[in-house]
1. For the subset of segment 128-138 comprising residues that are in a helix (DSSP H, G or I) and surrounded by 15 or more Cβ atoms within 10 Å (Cβ to Cβ), which member is nearest to the ligand (Cβ to nearest atom)?
2. Within segment 139-157, track down each residue that is open to solvent by 50 Å² or more (accessible area, probe 1.4 Å), part of a helix (DSSP H, G or I) and in contact (Cβ under 8 Å) with a residue 40 or more places away in the chain.
3. Scan segment 210-252 for residues that are more than 11 Å from the ligand (Cβ to nearest atom) and in a helix (DSSP H, G or I) and report the count.
4. Taking the criterion of being open to solvent by 10 Å² or more (accessible area, probe 1.4 Å) and on the phi > 0 side of the Ramachandran plot, would at least one residue in segment 189-205 satisfy it?
5. So the check is Cβ under 7 Å with 6+ separation or different chains; which pairs have a first residue in segment 226-248 that's among the acidic types (Asp, Glu) and a second one that's at pLDDT 95 or above and open to solvent by less than 20 Å² (accessible area, probe 1.4 Å)?
6. Conditions first: (1) farther than 14 Å from Ile163 by Cα; (2) of a type in the set (A, V, I, L, M); (3) touching a His at 6+ places or on another chain (Cβ under 7 Å). Ala219 passes all but one, so which condition is the exception?
7. Answer yes if at least one residue in segment 167-177 is modelled with pLDDT of 95 or more, away from the ligand (no atom under 16 Å from the Cβ), closer than 18 Å to Asp107 by Cα and touching a helix residue (DSSP H, G or I) at 6+ places or on another chain (Cβ under 7 Å), and no otherwise.
Amino acid sequence: MSRRPLVAGNWKMFKTRAEAVAWCADLRAGLAEADGVDLAVCPPATALADVAAALAGSGVGVWGQNVHQAESGAFTGEISTGMLAEAGATGSLLGHSERRALFNEHDDLLAEKVVACLEAGLEPVLCIGEMEYARDAGSTETILDGQLRSGLARASAEQIARITVAYEPVWAIGTGRTATPEMAQEAHAFIRGVLRDLAGDGADGIRILYGGSVKPENAAELTAQPDVDGALVGGASLDAASLLAIAAAARP
Ligand code: PEP
């Protein structure tokens, strides 16, 4: 099955509202470069509504970087799925490695967040990936298998077919070290096999993005792999031109 490539930018805790809107203008001016590729951006929550307004009608997706699993409640500092959707988001990253490492997010919690997003009509983008010691110990597949099966434990096969997965080896995030195209393809093919086990043929339509120091220079060889359906880009997405160059490299 041919899957349309998807390139998403994760700004993390960068950009003021004014900087975010300026980025959107730059992106819109160059959108023709990304023809044939779906784009999305994950701004900080404070800029989400501005970005959604600035990108309205462009077809570029706007996602949260994280969301709470409850509909509402006494959860100081958190944001609900309904709030994200109201601000203009159509999806959310879940379980980014920084959330897992710095904010103690674990697979059981993520399983709740996946279903909360699906029930609110938001696309969950489940981030998974092994730490360097796990790769060195030959445990990459065990880790990925566990993260997927636990993180998707509450979702039905039909719901799983509607998610996006981001494979982000932790040792490659923000380090300038990238998985080789062969390493990425091997991990992505393994992930698709687990998804097939969980979602049957629906797994063929699930986009699996690679993340970890993706740049315009290395994007083409990574996204040319048969099971690499695009990229989740951190640092390089802060510049609209460089996200567009990555999208251009991912064109089918
Ligand atoms: C990320 O934050 O998801 C990421 C992949 O970061 P970077 O591209 O900077 O490695």
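1. So in segment 128-138, the residues in a helix (DSSP H, G or I) come out as 132-136.
The next check asks that each one be surrounded by 15 or more Cβ atoms within 10 Å (Cβ to Cβ); those that pass are 134-135.
Values: Ala134: 17, Arg135: 16 Å.
Only one residue tops the list, namely Arg135.
2. Within segment 139-157, Glu141, Arg149 qualify.
3. Within segment 210-252, the first condition is being more than 11 Å from the ligand (Cβ to nearest atom), and the residues that meet it are 216-217, 220-230, 239-241, 244-245, 247-252.
Restricting the remaining residues to those that are in a helix (DSSP H, G or I) gives 220-223, 240-241, 244-245, 247-249.
Counting residues in segment 210-252 that are more than 11 Å from the ligand (Cβ to nearest atom) and in a helix (DSSP H, G or I) gives 11.
4. The answer is yes, given that some residue of segment 189-205 is open to solvent by 10 Å² or more (accessible area, probe 1.4 Å) and on the phi > 0 side of the Ramachandran plot.
5. Listed pairs, sorted by first residue: Asp227/His188; Asp227/Arg192; Asp227/Ile208; Asp229/Pro5; Asp229/Leu6; Asp229/Ile208; Asp229/Leu209.
6. Among (1) farther than 14 Å from Ile163 by Cα; (2) of a type in the set (A, V, I, L, M); (3) touching a His at 6+ places or on another chain (Cβ under 7 Å), Ala219 violates only (3).
7. Scanning segment 167-177 turns up no residue that is modelled with pLDDT of 95 or more, away from the ligand (no atom under 16 Å from the Cβ), closer than 18 Å to Asp107 by Cα and touching a helix residue (DSSP H, G or I) at 6+ places or on another chain (Cβ under 7 Å).
For (1) over 22 Å from Val62 (Cβ atoms); (2) within 14 Å of the ligand (Cβ to nearest atom); (3) surrounded by fewer than 23 Cβ atoms within 10 Å (Cβ to Cβ), each residue gets a yes or a no:
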position: Glu86; (1), (2), (3): no, no, yes
position: Ala89; (1), (2), (3): no, no, no
position: Ala101; (1), (2), (3): yes, yes, yes
position: Leu110; (1), (2), (3): no, no, no
position: Val114; (1), (2), (3): no, no, no
position: Leu118; (1), (2), (3): no, no, yes
position: Glu123; (1), (2), (3): no, no, yes
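The values are calculated or read from the model by the stated rules, or taken from the named source; none is laboratory data. Only a predicted model underlies this, so the values are computations on that prediction, with no experimental measurement involved. Because the Cβ atoms are built from the backbone with ideal geometry, glycine has one as well, and the counts that use them run over all protein chains shown. Quick note on the areas: whole protein, heavy atoms, side chains included, nothing else; ligands and nucleic acids left out. Shrake-Rupley method; radii C 1.70, N 1.55, O 1.52, S 1.80 Å.
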